[in-house]
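Peer 1: Structure in structure tokens, see below.
The values are calculated or read from the model by the stated rules, or taken from the named source; none is laboratory data. Quantities reported herein were computed from a predicted structural model and do not represent experimental measurements. Heads up, the Cβs are rebuilt from the backbone with ideal geometry, glycines too, and the neighbour counts pull from every protein chain shown. Surface areas here come from the heavy atoms of the whole protein model, side chains and all, with no ligands, DNA or RNA. Shrake-Rupley method; radii C 1.70, N 1.55, O 1.52, S 1.80 Å.
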Amino acid sequence: MLARSAQGLYWMGRYLERTKHVCRLLGLQTAALVDRPVQEIHSGWSRIYNSMGRLPPGGSLERDSTDEFTLADSFTLADDLTFERSNPDSVWTCLSSGRENARQMRHCISPEMWTRLNLAYLRIQKLDILEIWSSSPESFYVETAAEMDTFMGVAAATMYRDEGWHFTEVGRYIERAQLAASLFLAQLAEDPATEEEAAADWTNLLHAYSALETYQSRYGIEVRPTQALDLLATDPLVPGSLCRSLDVMQAELVSIGSGPNAASSAAAQRVAGRLRALIHYEWPDAQDHKGILERVVQYCRDLHDMTAVTYFDYTIESLPMR
Amino acid sequence: MDFKGYDMDPAIYDEMFQSRDEPRAQFQQLYDTLLGVSAGALNSIQEQVTRSFSNEGISFTVYGDDEGTERIIPIDCVPRVISADEWRFLDDGLAQRIKALNNFLEDVYNDGRIIEDGVIPADVVRECPQYRVEMRGFNAPHGAWVAICGTDIVRTNDGFRVLEDNLRVPSGVSYMVANRKAVKASLRRVYRSSRVREVEGYGRLLLETLRELAPGGRSDPSIALLTPGVYNSAFYEHMFLAREIGAELVEGRDLLVDDGFVYMRTTTGLRRVDVIYRRVDDDFMDPLVFRPDSMLGVPGLLHAYRLGNVALANSPGTGVADDKSVYAYVPHMIRYYLSEEPILQNVETYLCRRPKDLEFTLDNLENLVVKRVGESGGYGMLVGPHSTPEEREEYGKQVRANPADFISQPVLALSRAPCLVEGAFEPRHVDLRPFILHGQQTRIVPGAFCRVALRRGSLVVNSSQGGGGKDLWVLED
């Protein structure tokens, strides 16, 4: 496959995964605005911005603010994370970038995939924060996240399982793993005043990963941070768990096979293996889960760079020509 | 929905009607269907067709447009219908024309017999900016200098006329297929009963043509479509065609030439490319030979082509044959190379490089269309009857300063076809661009991109000037 096409599909996978991730978080966050305490709302915004490594507009969040101020502030923050063109992590930017990559590689994806994605893109083009805020903002986020899920479902049903598919999946799962690890780190960095607050935060997180029911059936109704983190990190049956993302990603890399440079390919495979080992073998006995999560983030970044060097931007001197 | 308010002009050929309320035979079924459809239903069909273009992102870029890079090409839901006899005539004429044009290209880059024999003046050819000295002495594989041609044809009261041949990187074929797909889905019953010939096989014919050009007759050649990139106005079409023929869609930066062979950068290393359907203009194709500042091309590509290690469709240098001055000589080429009379006629053309033609042109600016020989896409021309005295004065000065850069033609009464405009049928001027493929044999898909001048009274059908499209139905025998 043409290296640039593979790269475009890889980025498409990454951007659309990020779109879904941000929508999921914002869907929960805007739902919380209806009836949750100010502290919990504040903690939610703080977790989102910290996990992205970004500062909110204005530079910081007002921790001890009134109800009214928190709601007004939430409007600004939601706009920044949804429609702000200059924010590389906003829903608008991620969806537009994913769609732009798909547009350029449209000949490599199925027509059904393109139409689904284009419809989602056309929909968001017609909206702004005032419009979604005036009705039910959480519906917008839930629907947009569902559109991303539908897109991947359509992809699974219609896309030829060639390299294009594997690179899309690698992009998607590197992104998913990196976002999840960053989010868990941001949650660990929060310092809830009471156990109830901590339980509420982790409940939200379980909810974001569609894992609350699984948690409750396994551990009971009371949410404990350590158990929640364990589930989200290590359960291969939870769709968004770190364990599952890293397993799929490594399998997809194996399917792609070697790039033109065998040494570079092997190095990338080793990093993927190391990533899996962190969760499969180190995590269960480790005390320092924060340290492991930090390494996951770093290895994901390394793997991203190595994928580019191995398959997309390799040097061409002394390569065999076929 | 009726045609009561339809504004027929007896002086202009109407595609649907031979006289008021009397449709031509090939339109009869469509006409009957339209009469039986309510205005509301037809408007819904129009909306559905337009929406399908928007949803599928079938777009075109208008240069200088501030609306953004993607603009949806307007499509009218009422098809234009061509009878089997009419198509047979066009098909024969187009096949004859591409044969003569390829003979001409092979000749002017080699022996130049047509010039020696005084059929075409040497300066018309050699002074043409599209004449590429770099191609002298080259023999195109199978004589296919032009493998893909899009010829613009209009119908006047005197019959079909060729307006121009597009022999470099003609576009529009994707809209032919897209228009068909959208309209067919909306006018299902009448489409089926009308027995319309299909255009969806264009991709297969294109692939067969490109395969025939493969160097050394390689049986499973690697084919790539070279695009200038996503900002090109026809990027949608490049993507569409790459998909249709299963080719990689490459940009110049994806290719490199080593030891006279062309390679593309894949995920597993460099892979040889045998055939390139290039949609990059000559000027930008190879910075070592043509424009050195081009970032879109591939250094060394022409060298590889001349060595016969890669096939290019179309060959560099074909622009000399669709130059507006050379165009006037196409009928002469047909007689000279094929010893046949031209089936399709040209539009009468005055070459301002000839003193008599210049004088005539300047004296009759208000009645003529004057065009710059180097421009295309409807740019840089003066439509006499629609111009102001000041515009004519200014344009006349330019013509006088560089007569060889201009040609003029009579204003044609382009035929009109009914279009749905704000809920009613209104006549609009139309043309058609069929696509001719030429490898070891000539292939023509029975259809065309039918262009419509959407503004009332306008004669400019170019997509780049805000024109739209229509589906064109060629009926079976």
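Peer 1: Could you check the range A:256-307 and list, in sequence order, the residues that are closer than 29 Å to A:LEU231 by Cα and small (Gly, Ala, Ser)?
Peer 2: The answer is A:ALA268, A:ALA272, A:GLY273, A:ALA277, A:ALA286, A:GLY291.
Peer 1: Here is a follow-up. Anything in the range B:243-299 that is at positive phi and more than 8 Å from every other protein chain (Cβ to nearest Cβ)? List them, or say none.
Peer 2: Within the range B:243-299, the subset at positive phi is B:246, B:259-260, B:269.
Once the filter is applied, which keeps residues that are at positive phi and more than 8 Å from every other protein chain (Cβ to nearest Cβ), the range B:243-299 yields B:GLY246, B:ASP259, B:GLY260.
Peer 1: Going by what's in this entry, would B:ARG335 be described as farther than 26 Å from B:LEU226 by Cβ, open to solvent by 10 Å² or more (accessible area, probe 1.4 Å) and modelled with pLDDT of 95 or more?
Peer 2: Yes: the conditions hold for B:ARG335.
Each row is one residue, and each column tells you yes or no for (1) open to solvent by 50 Å² or more (accessible area, probe 1.4 Å); (2) modelled with pLDDT of 95 or more.
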position: A:ASN204; (1), (2): no, no
position: A:LEU229; (1), (2): no, yes
position: A:LEU232; (1), (2): no, yes
position: A:VAL248; (1), (2): no, yes
position: A:SER255; (1), (2): yes, yes
position: A:PRO260; (1), (2): no, no
position: A:ALA263; (1), (2): yes, no
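Peer 1: Same structure, new question: Using the structure shown, decide if A:TYR311 is among the aromatic types (Phe, Trp, Tyr), closer than 18 Å to A:GLU169 by Cα and within 14 Å of chain B (Cβ to nearest Cβ).
Peer 2: Values: among the aromatic types (Phe, Trp, Tyr): yes; closer than 18 Å to A:GLU169 by Cα: yes; within 14 Å of chain B (Cβ to nearest Cβ): yes.
Criteria met by A:TYR311.
Listed here are the residues, each with its yes/no results for (1) within 14 Å of chain B (Cβ to nearest Cβ); (2) open to solvent by 40 Å² or more (accessible area, probe 1.4 Å); (3) more than 15 Å from A:ARG106 (Cα to Cα); (4) of a type outside the set (Phe, Trp, Tyr).
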{"residue": "A:TYR141", "(1), (2), (3), (4)": "no, no, yes, no"}
{"residue": "A:ALA146", "(1), (2), (3), (4)": "no, yes, yes, yes"}
{"residue": "A:MET159", "(1), (2), (3), (4)": "yes, no, no, yes"}
{"residue": "A:TYR173", "(1), (2), (3), (4)": "no, no, yes, no"}
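Peer 1: Another one. Name every residue in the range B:274-295 that is touching a Leu at 6+ places or on another chain (Cβ under 7 Å) and not in a helix (DSSP H, G or I), in order of residue number.
Peer 2: B:VAL275, B:ILE276, B:TYR277, B:ARG278, B:ARG279, B:VAL280, B:ASP286, B:VAL289
Peer 1: Which of (1) open to solvent by less than 20 Å² (accessible area, probe 1.4 Å); (2) of a type outside the set (S, T, N, Q); (3) within 14 Å of chain A (Cβ to nearest Cβ); (4) within 22 Å of B:PHE60 (Cβ to Cβ) does B:PHE240 not meet, given it meets every other one?
Peer 2: Tallying (1) open to solvent by less than 20 Å² (accessible area, probe 1.4 Å); (2) of a type outside the set (S, T, N, Q); (3) within 14 Å of chain A (Cβ to nearest Cβ); (4) within 22 Å of B:PHE60 (Cβ to Cβ), B:PHE240 fails exactly one: (1).
Peer 1: Mind counting the residues in the range B:222-234 that are within 9 Å of another protein chain (Cβ to nearest Cβ) and open to solvent by 10 Å² or more (accessible area, probe 1.4 Å)?
Peer 2: Summing the residues that are within 9 Å of another protein chain (Cβ to nearest Cβ) and open to solvent by 10 Å² or more (accessible area, probe 1.4 Å) in the range B:222-234 gives 1.
For (1) away from chain B (no Cβ under 11 Å); (2) open to solvent by less than 20 Å² (accessible area, probe 1.4 Å), each residue gets a yes or a no:
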{"position": "A:SER86", "(1), (2)": "yes, no"}
{"position": "A:ARG99", "(1), (2)": "no, yes"}
{"position": "A:ARG103", "(1), (2)": "no, no"}
{"position": "A:ILE109", "(1), (2)": "no, yes"}
{"position": "A:ASN118", "(1), (2)": "no, yes"}
{"position": "A:SER135", "(1), (2)": "yes, no"}
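Peer 1: Hey, among A:GLU147, A:GLU143, A:GLU175, A:GLU163, which residue is modelled with pLDDT of 95 or more and in contact with a Ser or Thr (Cβ under 8 Å, 6 or more places away or on another chain)?
Peer 2: Sole residue among the options that is modelled with pLDDT of 95 or more and in contact with a Ser or Thr (Cβ under 8 Å, 6 or more places away or on another chain): A:GLU163.
Peer 1: Please pick out the residue among A:MET152, A:MET113 that is part of a helix (DSSP H, G or I) and either farther than 29 Å from A:THR168 by Cβ or more than 14 Å from chain B (Cβ to nearest Cβ) (or both).
Peer 2: The unique qualifying residue is A:MET152.
Peer 1: Further, regarding this structure: Quick check on the range A:13-31. Is at least one of its residues closer than 24 Å to B:THR266 by Cα and either open to solvent by 30 Å² or more (accessible area, probe 1.4 Å) or within 14 Å of chain B (Cβ to nearest Cβ) (or both)?
Peer 2: Taking every residue of the range A:13-31 in turn, at least one turns out to be closer than 24 Å to B:THR266 by Cα and either open to solvent by 30 Å² or more (accessible area, probe 1.4 Å) or within 14 Å of chain B (Cβ to nearest Cβ) (or both).
Peer 1: Here is a check on your reading of the model: is A:GLU213 part of a helix (DSSP H, G or I) and under 30 Å from A:ILE41 (Cα atoms)? First the steps, then the outcome.
Peer 2: Working: part of a helix (DSSP H, G or I): yes; under 30 Å from A:ILE41 (Cα atoms): yes.
For A:GLU213, the condition - part of a helix (DSSP H, G or I) and under 30 Å from A:ILE41 (Cα atoms) - is met.
Peer 1: Which of (1) away from every other protein chain (no Cβ under 14 Å); (2) in contact with a helix residue (DSSP H, G or I) (Cβ under 9 Å, 6 or more places away or on another chain); (3) surrounded by fewer than 18 Cβ atoms within 10 Å (Cβ to Cβ); (4) assigned to a helix (DSSP H, G or I) is the odd one out, the single condition B:ASN43 does not satisfy?
Peer 2: (2)
Peer 1: Quickly run through the range A:122-133 and pick out the residues that are aliphatic (A, V, I, L, M) and surrounded by fewer than 17 Cβ atoms within 10 Å (Cβ to Cβ).
Peer 2: Residues satisfying the conditions are A:LEU122, A:LEU127, A:LEU130.
Yes/no per residue for (1) out of contact with any helix residue (DSSP H, G or I) (no Cβ under 6 Å at 6 or more places or on another chain); (2) open to solvent by 20 Å² or more (accessible area, probe 1.4 Å); (3) on the phi > 0 side of the Ramachandran plot:
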site: B:THR361; (1), (2), (3): yes, no, no
site: B:GLU366; (1), (2), (3): no, yes, no
site: B:GLY380; (1), (2), (3): yes, yes, yes
site: B:VAL399; (1), (2), (3): yes, no, no
site: B:ALA417; (1), (2), (3): yes, no, no
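Peer 1: Still on this structure, I have one more. Pick out, from the range B:430-477, the strands (runs of 3 or more DSSP E) lying fully within it that include 2 or more residues that are farther than 15 Å from B:PRO79 by Cα and of a type outside the set (D, E, K, R).
Peer 2: Because the criterion is at least 2 residues that are farther than 15 Å from B:PRO79 by Cα and of a type outside the set (D, E, K, R), the strands (runs of 3 or more DSSP E) in the range B:430-477 that meet it are B:435-438, B:442-444.
Peer 1: Kindly list the number of the only condition in (1) open to solvent by less than 40 Å² (accessible area, probe 1.4 Å); (2) modelled with pLDDT under 95; (3) closer than 25 Å to A:ARG18 by Cβ; (4) in contact with a Gly (Cβ under 9 Å, 6 or more places away or on another chain) that fails for A:ALA211.
Peer 2: So A:ALA211 meets the others, but not (2).
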